[in-house]
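Report on the structure given below.
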Amino acid sequence: MRIGVRLGGALVRLVETPLLAVDLDDGATLADLYTELGAAHPDLDAAMRSALPVLRGTHIDAHQVLAHGDEVALLPPVSGG
């Protein structure tokens with residue numbers, strides 16, 4: 001199955017694109033997606049793990065099962081004052 005990944009903020013600069021497509025096995029979870037992304041984009045690995053993962057407008061955790069065509073947004077933490 002194919003999952004879209006929309007990157008925000010500094011994550012875009014690490015891979016030079018705001019949208020990635022990842023092929024995963026049926027029944028894959030967010031944790032599986034992180035594993036695939038980290039292998040394909042080592043510079044993204046640590047940064048994405050501190051990002052807020054969102055699917056269909058809802059925060060999800062590592063155990064969330066993904067479906068073909070899902071788009072996961074990874075929103076990096078916001079800082080400032």
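The numbers here are math on the coordinates, done by the rules we state, and not lab data. These numbers were taken from a predicted model, which means no experiment stands behind them. When we count neighbours, we look across all protein chains shown, and the Cβ atoms used for this are built from the backbone with ideal geometry, even at glycine.
Structure above, values below:
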{"read-out": "Net charge of Cβ neighbours under 15 Å - reference residue 3; Lys, Arg +1; Asp, Glu -1", "value": "-4"}
{"read-out": "Label corresponding to volume of the Cα convex hull per residue in Å³ when calculated from the structure given, among (i) 112; (ii) 86; (iii) 141", "value": "(ii)"}
{"read-out": "Where a label projected 7 Å from the Cα of residue 52 along Cα→Cβ would reach, residues of region 1-26 with amide N under 14 Å", "value": "8-9"}
{"read-out": "Ranked packing of 32-39, 54-61, most packed first, by mean Cβ within 10 Å", "value": "32-39, 54-61"}
{"read-out": "Nonlocal amide H pairs with residue 52, under 5 Å, H built at 1.01 Å", "value": "75"}
{"read-out": "Angle between the chain longest axis and helix 30-40 axis [Cα atoms, degrees, rounded to 10]", "value": "70"}
{"read-out": "Relative contact order (percent, whole number), the chain, Cα cutoff 8 Å, 6+ residue spacing", "value": "41"}
{"read-out": "The chain: calculated mean residue ellipticity at 222 nm from DSSP helix runs of at least 4, using -39500 (n - 2.57)", "value": "-8500 deg cm²/dmol"}
{"read-out": "Sequence-distant residues sharing a close amide H with residue 71 (under 5 Å, placed H)", "value": "4, 56"}
{"read-out": "Residue-span extension gain [residue 31 to residue 43] - 0.36 nm each, minus C-alpha spacing", "value": "2.6 nm"}
